[in-house]
Amino acid sequence: MITRILTDVALMSAIGGILALIMVIAQRWLSNYGEVSININGKRELKVTGGNTLLSTLSDQQIFIPSACGGRGSCGACKCKVESGGGPLLPTERPLLTKEEMASNVRLACQVKVKSDIHIHIPESIFNIRRFNSVVEEIIDYTYDIKGITFKLIEGQSIDFKAGQYVQLESQPYEKIKDKVIRAYSISSKPELKDRIQLIIRQVPDGICTTWVHKHVKVGDKVNFTGPYGDFYLRDTEADILFVAGGSGKAPIKSILEHLKEVGTERRMTYFFGARTRKDLYLSEEMQAFEKVFTQFEYVPVLSHPETEDNWTGKTGFVMPYFKDAIRDPKNTEAYLCGSPGMISAVTKSLKEYGIYEDKIYYDSFG
Ligand SMILES: Cc1cc2nc3c(=O)[nH]c(=O)nc-3n(C[C@H](O)[C@H](O)[C@H](O)COP(=O)(O)OP(=O)(O)OC[C@H]3O[C@@H](n4cnc5c(N)ncnc54)[C@H](O)[C@@H]3O)c2cc1C
Ligand code: FES
């Protein structure tokens with residue numbers, strides 16, 4: 001009886017092993033697509049090895065499509081037109097695409113696999129995005145959970161960007177995190193500085209990249225990033241400006257203000273910065289100092305939950321009610337918002353109620 005059971009177990013194990021082997025071989029064979037071509041904008045033709053996502057295949061060719069979520073299919077930044085060869089639309093793409101986008105062959109580059117010859121269309125500006133190597137030059141603790149980190153470019157590299165744009169940082173493996181991840185961070189330094197950039201990074205509990213930055217990165221470490229990305233930058237008009245930021249959302253606004261200091265402006269600007277308590281405020285003196293630089297600028301910090309020991313005599317609660325006094329002519333006002341998705345949607349709704357045109361509300365959502 002026991003011999004029979006043992007024989008059956010051995011037989012089942014052998015069958016299981018053979019099936020697993022067949023699956024591995026089939027997988028290898030099926031995903032071996034050989035050399036395929038990617039035609040870009042009808043102008044360039046790349047010969048690549050098939051089998052990987054469009055996002056990483058292009059990245060291997062030094063063509064960097066924005067991918068703020070690092071290819072997890074949650075940000076939608078990697079949208080591009082796939083004219084042919086992209087295969088059927090995947091369920092992972094649908095939640096981030098509108099009906100119009102689906103109808104006009106817009107796809108998520110991080111989900112589409114390159115399996116056969118493929119024709120794509122991407123903005124020409126993407127060819128300006130480059131990969132940079134840097135050394136960590138300075139780390140400043142702005143608050144208990146926000147650091148400012150300066151990256152000095154190496155090998156004589158220099159970066160051209162518009163104030164407000166972002167880069168994508170590549171983290172390194174640490175502890176249980178075995179792979180690098182890619183995350184988006186707005187540049188907080190001015191574009192006039194071309195040999196270094198500063199980022200302002202808030203620690204997200206259990207966040208892979210921010211834990212690496214806050215707990216593992218040291219001055220002197222080598223760090224890579226790509227950029228510049230994004231269309232969150234100051235429009236060259238005479239309109240009044242409302243800046244609204246929370247937490248590390250201060251980063252791109254700092255870059256814009258430092259840039260305006262360089263080039264000069266007469267525009268009327270009000271900057272609302274929302275924080276929970278006094279210990280969440282940072283760079284306050286630097287922001288207040290802009291009131292002396294510009295003829296028409298006011299910095300307005302607003303605390304949502306001031307503590308008794310904060311002795312806070314400034315504005316409290318939500319930032320939205322204070323917009324009333326700052327908006328002179330809603331039809332001639334642009335708004336620049338940066339912070340959490342919740343803050344962006346609440347502030348956008350409020351600004352529209354105040355009469356600001358939706359297409360004059362620019363934002364980067366840090367979600
Ligand atoms: C355009 C843009 C600009 C940005 N600029 C800045 C900036 O200047 N400064 C800044 O601090 N941030 C910025 N961000 C946010 C930044 O890109 C990261 O999203 C953020 O730092 C968190 O990254 P992380 O790797 O530490 O966290 P992640 O590892 O991505 O995790 C984020 C959260 O999700 C949770 N999580 C992770 N994976 C899962 C899962 N599978 N299921 C459920 N929960 C999960 C984690 O526990 C954590 O709470 C920006 C984002 C965008 C899109
Ligand atoms: S990279 Fe974020 S959805 Fe594709």
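The values are calculated or read from the model by the stated rules, or taken from the named source; none is laboratory data. Being a predicted model, the structure only gives us computed values, none of them experimental. Backbone-built Cβ (ideal geometry, glycine too); neighbour counts: all protein chains shown. For the accessible areas, the whole protein counts, side chains as well, though only heavy atoms, and no ligand, DNA or RNA atoms are used. Shrake-Rupley method; radii C 1.70, N 1.55, O 1.52, S 1.80 Å.
In the stretch 217-237, which residue that is assigned to a loop (DSSP other than H, G, I, E, B) and near ligand 1 (Cβ under 9 Å from one of its atoms) is nearest to ASN128 (Cα to Cα)?
Only one residue fits best here, namely GLY230.
For the structure I just gave you, tell me whether TYR362 is surrounded by 14 or more Cβ atoms within 10 Å (Cβ to Cβ) and away from ligand 1 (no atom under 16 Å from the Cβ).
No: the conditions fail for TYR362.
It is to be established whether one or more residues within the stretch 87-94 are among the hydrophobic types (A, V, I, L, M, F, W, C), assigned to a loop (DSSP other than H, G, I, E, B) and modelled with pLDDT under 95.
So far as the stretch 87-94 goes, no, none of its residues is among the hydrophobic types (A, V, I, L, M, F, W, C), assigned to a loop (DSSP other than H, G, I, E, B) and modelled with pLDDT under 95.
If you check every pair at least six apart or on different chains, which have Cβ atoms under 6 Å apart with a residue in the stretch 207-228 that is within 16 Å of ligand 2 (Cβ to nearest atom) first and a residue that is outside any loop (DSSP other than H, G, I, E, B) and aromatic (Phe, Trp, Tyr) second?
Listed by first residue and then by second, the contacts come to PHE225/PHE132.
Among the residues of the stretch 62-108, count how many are more than 16 Å from ligand 1 (Cβ to nearest atom) and either out of contact with any Gly (no Cβ under 9 Å at 6 or more places or on another chain) or on the phi < 0 side of the Ramachandran plot (or both).
Final tally of qualifying residues: 26.
Kindly check whether there is at least one residue in the stretch 65-79 that is over 16 Å from the mean Cα position of the chain (by Cα), closer than 25 Å to PRO228 by Cβ and not aromatic (Phe, Trp, Tyr).
Checking the stretch 65-79: not a single residue is over 16 Å from the mean Cα position of the chain (by Cα), closer than 25 Å to PRO228 by Cβ and not aromatic (Phe, Trp, Tyr).
Yes or no: the stretch 111-131 includes at least one residue that is open to solvent by less than 50 Å² (accessible area, probe 1.4 Å) and among the small types (Gly, Ala, Ser).
Looking for residues that are open to solvent by less than 50 Å² (accessible area, probe 1.4 Å) and among the small types (Gly, Ala, Ser), one finds none in the stretch 111-131, hence no.
I'd like the residue in the stretch 158-216 that is of a type in the set (Lys, Arg) and in a loop (DSSP other than H, G, I, E, B) and, out of all such residues, is most open to solvent (accessible area, probe 1.4 Å).
Once the filter is applied, the top-ranked residue is LYS176.
What about LYS113, is it in contact with a helix residue (DSSP H, G or I) (Cβ under 8 Å, 6 or more places away or on another chain) and either at pLDDT below 95 or within 16 Å of ligand 1 (Cβ to nearest atom) (or both)?
Against the criterion (in contact with a helix residue (DSSP H, G or I) (Cβ under 8 Å, 6 or more places away or on another chain) and either at pLDDT below 95 or within 16 Å of ligand 1 (Cβ to nearest atom) (or both)), LYS113 does not qualify.
Which one of these does ASP60 not meet: (1) closer than 16 Å to VAL181 by Cβ; (2) exposed (fewer than 13 other Cβ atoms within 10 Å of the Cβ)?
With respect to (1) closer than 16 Å to VAL181 by Cβ; (2) exposed (fewer than 13 other Cβ atoms within 10 Å of the Cβ), ASP60 is out only on (1).
Here's the yes/no breakdown for (1) at pLDDT below 95; (2) out of contact with any Phe, Trp or Tyr (no Cβ under 8 Å at 6 or more places or on another chain); (3) open to solvent by less than 20 Å² (accessible area, probe 1.4 Å):
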residue: LEU242; (1), (2), (3): no, no, yes
residue: VAL263; (1), (2), (3): no, yes, no
residue: LEU281; (1), (2), (3): no, no, no
residue: HIS305; (1), (2), (3): no, yes, no
residue: PHE318; (1), (2), (3): no, yes, no
residue: GLU334; (1), (2), (3): no, no, yes
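Would you please name the residue that is nearest to ligand 2 (Cβ to nearest atom), looking only at residues in the stretch 69-95 that are surrounded by fewer than 18 Cβ atoms within 10 Å (Cβ to Cβ) and aliphatic (A, V, I, L, M)?
LEU90
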